[in-house]
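Since the structure comes first, as structure tokens, the remarks are kept for the end.
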Amino acid sequence: MPQPLPVILFGLGAIGRAVGRAALARHDLRVVGAVDRDPALAGRGLQEVCGVPSPVKVVPELAAVRRGRRRPVVIHATGSHLPGVLPQLRAAVAAGCSVISSCEELVWPWLSHAAAARRLDRAARAAGVAILGTGINPGFLLDLLPVVLSGVSRDVTHVLGVRVVDAATRRLPLQRKVGAGLTVSGFRSRVRAGTLGHVGLPESAALIAAGLGWEGITLRNRVTPVTGGSRSKGKGGPVRGLHQVVTARVGRREVIRLDLTMALGAKNPHDRIVVRGTPPVAVRVEGGIAGDEATASSLINGAFTVSRAEPGLRSALDVAPPRGRARADRA
């Protein structure tokens with residue numbers, strides 16, 4: 001039987017704790033370290049933090065993790081924007097660890113941070129490790145999945161991705177992240193400041209374009225408030241969430257449209273992908289894919305993927321699609 005893959009948890013927020021609980025329950029993974037810079041967590045046992053038996057203690061720096069002979073994979077879940085997490089990624093590379101990360105911009109970092117991405121790629125190649133950004137959205141649902149579905153079509157002319165999420169079923173930080181409770185003017189002010197909007201949706205469109213061969217695309221990202229009686233007109237009381245649409249055009253022709261609604265009480269939650277080609281392909285997931293649990297699963301499954309990947313900064317287009325694993329106690 002293969003030896004369990006050693007992993008280090010880096011970041012123990014909501015996603016990191018979900019990853020920890022799932023990883024500690026797996027027989028094919030071995031959690032050898034946990035890192036979080038929150039002083040309130042330093043020195044606490046991972047068992048206390050995640051509620052699953054583990055002898056591992058939380059430390060504030062990756063360098064403090066004691067490792068064995070086999071290089072562990074760092075499962076990284078600390079931030080959405082690449083500039084803010086770059087020092088953490090560099091520390092993992094310097095330690096000789098491959099990284100699977102939930103950082104949204106890392107799904108396609110060449111869109112907004114090309115110079116930083118090139119430097120990170122060179123460092124990873126020199127260290128012989130791989131770095132990969134993943135998640136549910138971005139990372140799978142509105143980017144990798146449409147590319148995979150296009151594999152049974154040809155002469156593709158357009159990709160549509162729609163996701164509707166009832167934010168009332170999600171944790172409070174996500175509700176705040178989509179602007180729930182703000183006034184319309186406050187919402188629009190934060191959009192103008194660049195501090196509100198779902199991070200990673202433009203990156204998803206760029207990944208699709210690269211995967212399907214559309215070059216020279218022009219992206220447009222529009223974020224509007226969802227209020228009491230209207231999704232996008234911004235009328236009817238306090239904001240319930242956001243409606244975000246990213247489009248990609250080649251010349252004047254729209255080739256990609258990603259339509260995301262995340263709002264308290266959003267009706268008819270679902271995910272839908274339509275690939276217009278020969279033949280057309282359409283997939284709909286009623287209720288939608290659960291964001292937090294799916295992200296945790298993608299990070300865990302991605303740890304095996306990145307451990308086998310070629311060195312460098314990778315995207316989902318460079319590696320095999322993630323796959324789940326059957327439960328060991330089930331036939």
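The values are calculated or read from the model by the stated rules, or taken from the named source; none is laboratory data. The structure displayed is predicted, hence computed values, not measured ones. With ideal geometry, Cβ positions are generated from the backbone for all residues, glycine too; neighbour counts draw on all protein chains shown. Just so you know, the surface numbers come from the protein's heavy atoms only, side chains and all, with ligands and any DNA or RNA stripped out. Shrake-Rupley method; radii C 1.70, N 1.55, O 1.52, S 1.80 Å.
Laid out as a table, the results:
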{"quantity": "Max mean-square fluctuation residue, GNM over the chain, Cα-Cα springs under 10 Å, options 36, 166, 28", "calculated": "28"}
{"quantity": "Gyration tensor (alpha-carbon) shape descriptor, segment 99-139, a/c threshold 1.5", "calculated": "oblate"}
{"quantity": "Rough spin-label spacing in nm, given labels placed 7 Å along Cα→Cβ, for residue 283 and residue 190", "calculated": "3.2"}
{"quantity": "Between helix 14-24 and the chain: long-axis angle, C-alpha atoms, 0 to 90°, nearest 10", "calculated": "50"}
{"quantity": "Computed label-point distance, nm, for sites residue 115 and residue 69 using a 7 Å Cα→Cβ extension", "calculated": "4.4"}
{"quantity": "C-alpha long axis of helix 201-212 to longest principal axis of the chain, angle in °", "calculated": "90"}
{"quantity": "Nearest-20 debye value, the chain charge dipole, Cβ charges on Lys, Arg, Asp, Glu", "calculated": "320"}
{"quantity": "Residue-normalised accessible area of the chain, given per residue in Å² at a 1.4 Å probe", "calculated": "47"}
{"quantity": "Amide H within-cut-off set for residue 98, under 5 Å, with H built and near neighbours excluded", "calculated": "74, 130"}
{"quantity": "List 278, 195, 227, 305, ordered by accessible area with a 1.4 Å probe, largest first", "calculated": "195, 278, 305, 227"}
{"quantity": "Probe 1.4 Å, all protein chains present, accessible-area order of 75, 289, largest first", "calculated": "289, 75"}
{"quantity": "Antiparallel bridge percentage (DSSP; both residues within segment 23-142; nearest 5)", "calculated": "10"}
{"quantity": "Surface share of carbon and sulfur [accessible, 1.4 angstrom probe, percent] for the chain", "calculated": "52"}
{"quantity": "In Hz, Karplus ³J(HN,Hα) per residue of segment 244-260 (6.51, -1.76, 1.60; θ = phi - 60°; x = Gly, Pro)", "calculated": "10, 10, 10, 10, 10, 10, 10, x, 9, 8, 6, 10, 9, 9, 10, 10, 10"}
{"quantity": "Estimated vicinal HN-Hα couplings, Hz - segment 266-283 in sequence order (Karplus 6.51, -1.76, 1.60; Gly, Pro = x)", "calculated": "4, 7, 6, x, 5, 10, 9, 10, 10, 10, 8, x, 10, x, x, 10, 9, 10"}
{"quantity": "Cα-based shape type of segment 4-86, given that a ≥ b ≥ c are square roots of the gyration tensor eigenvalues and the cut on a/c is 1.5", "calculated": "rounded"}
{"quantity": "Most mobile listed residue (104, 310, 48) in the chain, GNM with C-alpha springs under 10 Å", "calculated": "48"}
{"quantity": "Helix-only mean residue ellipticity at 222 nm for the chain, each DSSP H run of n ≥ 4 adding -39500 (n - 2.57), per residue, nearest 500", "calculated": "-8500 deg cm²/dmol"}
{"quantity": "Cα gyration tensor shape for segment 81-195, rounded if a/c is under 1.5, else prolate or oblate", "calculated": "oblate"}
{"quantity": "Selected from 52, 239, 223 as most flexible by GNM, with the chain as the system and alpha-carbon contacts under 10 Å", "calculated": "52"}
{"quantity": "Extension gain from residue 61 to residue 169, taking 0.36 nm per residue of separation minus the Cα-Cα distance", "calculated": "35.5 nm"}
